[in-house]
Every structure is written in C-alpha cells, then in structure tokens.
Amino acid sequence: MPDLLAKLESGHPAAARLLSPLGRRAALVLGVPQQAAEAARCERQASIGQITAGDGQPLTLPALAGRFVGLDPKQAFLYAPTAGLLPLRTAWRERLGSAPATLPVVTNGMSHGLSLVADLFASPEHPLLLATPYWDNYDTIWHMRAGAEMRTFPLFNEARGLDIEAMGARLAELRGPASLLLNFPNNPTGYSPTAAEADAIAACIHAHPHPLAVVCDDAYAGYYFDDSCYGSSLYTKLAVGADPERLLVCKVDGASKELLFFGGRVGFLTFSATGAAGDVLVEKASAILRGTISSVSAPAQSVVLAALREPNLAGQQDEVRGVLKRRYEALRTALAAAKVPALPFNSGCFALLPLGPEHDAQTVRRRLIEEQSTGVIAVTSENALRVAFCSIDEGDIPDLVERIARVVQN
C-alpha cells in the first residue's frame, strides 16, 4: 500500500490528497482472483471455486443454460474479472477518443459507480458540492454512507440559466480537498448547459486552487434535444488540461440509459489520471469493488460488449433519441398550451414543474394518483413535480398535462 500511495503522490498529487481514509487503505491483495489469473494457462486448473466440467467449460443446469442462447457458456456462467471484462473496458474507453482516461472499472450500475467514487474521496472532512435540486440518492451515497457534508448551491439563476457564480462562490469557500458533482442532463430538471455555460463551468473549475474531485454523473449522456445544448459530457472539457496538482475528473456512466439496458446493471467508472497514477486509482476502485460485490454480472457485461460491436448500434440509438425528442417537444407544447410552468429543460428524460405556495408537492402527487390516475414524482425540496416524459407515449402527453393542470390549477 505505501507503494501505491507513493505512485499516486508522484503522478497525481491531487488524487492522493483527495483520498478518504478508506481510499488510502484500499489495495488489492494477492487473493483468489489474482492467483487464479496467474494460473489461467495451467494444464491442471484447481485454483478458483467455479464448478466446471473439468475441461474449463462450465458445468451447467439445463434449466438455466437454455436461457442464454447466443452466448458462449463461459461468458454466461463463469466469473468476470474484478474490474470487468477487458474487451468491454477497452471498447467503452475508446468512446472517449483521445481524452486523458484510465480503462474504466465496470460497476454494478450507475449508483454503484457513484458509490465507489464516494468511498474513495468522501468523508466527514471531505465535503460534496452539488447543485439543487438533485437526485435524492446522492444523499444516501455521500451523506448516509460516507458521512460527507452536502454543500449546495442553486442550479439556476434569476435569468433561468445555470448559476455558475453560485458554484464559484461555493468553491471559493473551500480550503482543502472536496468533491464537486455535475449531473447533465440533469435529474430532476432535464437541463444541460449551453456551449457558453460549459466553457464557463470549465474555466471556473480549472481556476480552483485546492484539490478537487469533479464527478461527472453522465447517466443520461447523449440525450440532447435543443440546438443550444453543449451536447456532450463535460468530462473531456474538464480532463483536457487538468492540473494533476489540483484536479481529478471522474466519469460515471453506463448501459442503463445509453443502451436502454436498465436491468443489466452495467456501469463504468473512469478517471482522468494517466500512467501509473491512473493504474493506482483503478486498483483502489477494484479493491473496494472486490470487497463488496466481488465482480459484475458476466452475462450482462457480455451482452453489452456484443451490442457495442453491432455495426448499426449508432443508428438504433438515433432512433430512440428521435422518439424522446418528439416526446420532449410534445411536452413543451402541451405545458405552454395549458399554462403549466416548468423549470428550463432541454435534454434527458425529465421536466420539473414548480408548484405555487398554495400547493404541497406530496399532496398534489397523491391527488394525481387518486383523482387523475396519474403518477409523477414529488421533489419536496423544491415543492415541485418531476415528470418523466421518457416513459409516456407522445400521443398521451397532452392528456397527461391536462390531468396535472386539473389539480395544480384548482
């Protein structure tokens, strides 16, 4: 472990200073997976506890084996490596082009990837800065599990643009290591920065003088519906030119939304550190992963890898984006016609509808269920309703808005 910390301090001082107590301790030991990997080419294989037919092929039950048509039995029934299938990690890394990046660690969905970041870099002494409103699971991950203080700033300013000045003011309060979370397209508002806002965010972060881990929660990456959107993850803009003395960028994304594989639970965690320092962060994340879930589902990873190799994958994704864009446009039109206000939204899967002081979000949500047979999410911190236009047909959106209007306008 001292060697790991020395490598990190030498190659990426910011990452070394950002580590939580758990992050400092995390290291892979020469355990069963590592020893089995070293013995993988041996003629007699008695290393890992997988029940096989004796020739390296899995011994399977017909009740299960018939459910995995098209997958090699080894892909479906044997363990995946701790950090994930190497071909999958390589294929996902290639999507970032020339941006500084480690090979991703495969995680059990987005929440697990975010949790690994919090394990590495969050503690009662290392706060998290984030814009409000935000996804409620951040509280669970950073505050409940890691004990980190949640320091918030408003997402929007009075001009209905991103409040980058408020973010900068929060950063200016820091005197030591901390994390900053950026979630675009945003959940729950459905907003992504414009090109000018993206430049301003990057300039503000690059100028910050203290060690900072920026977490790009890119769950809804790729779903941009307005020409004003920057139209890409902020990861590359932040990682290129990032000073390793001050800034580490972490990207958490996955197949859940990008490939519509919600039940597959295949996510990815990538760091902007390179060389030996990047290898240290991958090992530390892998060590924590090994100590919790051991490894991510092999068949789910194999399916994602097969999808990435499909020649027409991009075209299929474009079709889905087209469906969501039409739903987005239908929702904007219906809200305007019904005079139901919404916070700015231009991307992702959601719109956030603020309620007046005469209404309580939870009460309205329950009335919508009972009186209008309509389900939405109450965001109580904002006294607002989150509408997931991703999950309703385009033709049903006007009726959805009418049902909401009947409650909130009476």
Seminar exercise, completed: Residues of the stretch 41-56 being without any contact (Cβ under 8 Å) to a residue 12 or more places away in the chain and either within 33 Å of the chain's Cα centre (by Cα) or loosely packed, with under 11 Cβ neighbours inside 10 Å (or both), in sequence order, are 41, 42, 43, 44, 46, 51, 53, 54, 55
Seminar exercise, completed: With criteria (1) more than 30 Å from residue 351 (Cβ to Cβ); (2) at pLDDT 95 or above; (3) surrounded by fewer than 22 Cβ atoms within 10 Å (Cβ to Cβ), residue 59 comes up short on (2)
Problem set entry | Qualifying positions in the stretch 136-152 - in contact with a helix residue (DSSP H, G or I) (Cβ under 7 Å, 6 or more places away or on another chain) and surrounded by fewer than 18 Cβ atoms within 10 Å (Cβ to Cβ) | 137, 145, 150, 151
Exercise. So which of 371, 394 ends up being surrounded by fewer than 20 Cβ atoms within 10 Å (Cβ to Cβ), out of contact with any Ser or Thr (no Cβ under 6 Å at 6 or more places or on another chain), within 26 Å of residue 221 (Cβ to Cβ) and touching a residue at least 12 places away in the same chain (Cβ under 8 Å)?
Worked result: 394
Exercise. Within the bounds of the stretch 124-139, is there any residue that is among the charged types (D, E, K, R), within 20 Å of the chain's Cα centre (by Cα), assigned to a strand (DSSP E or B) and within 24 Å of residue 376 (Cβ to Cβ)?
Worked result: no
For this session: For residue 214, state whether it is buried (at least 24 other Cβ atoms within 10 Å of the Cβ), under 30 Å from residue 306 (Cα atoms) and of a type in the set (A, V, I, L, M).
Result: no
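The rows are residues; the columns are (1) assigned by TED's automatic domain parsing to the domain that holds residue 263; (2) at pLDDT below 95; (3) more than 19 Å from residue 266 (Cα to Cα).
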| position | (1), (2), (3) |
| --- | --- |
| 22 | yes, no, yes |
| 28 | yes, yes, yes |
| 43 | yes, yes, yes |
| 92 | yes, no, no |
| 111 | yes, no, no |
For this session: Give me a count of the residues in the stretch 71-96 that are over 15 Å from residue 107 (Cβ atoms) and assigned to a loop (DSSP other than H, G, I, E, B).
Result: 6
Exercise. Of these, 265, 246, which one is at pLDDT 95 or above and under 25 Å from residue 145 (Cβ atoms)?
Worked result: 265
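The values are calculated or read from the model by the stated rules, or taken from the named source; none is laboratory data. Note that the structure is a prediction, hence the values are computed from the model and not measured. Positions of Cβ are generated from backbone atoms using ideal geometry, with glycine treated the same way; all protein chains shown enter the neighbour counts.
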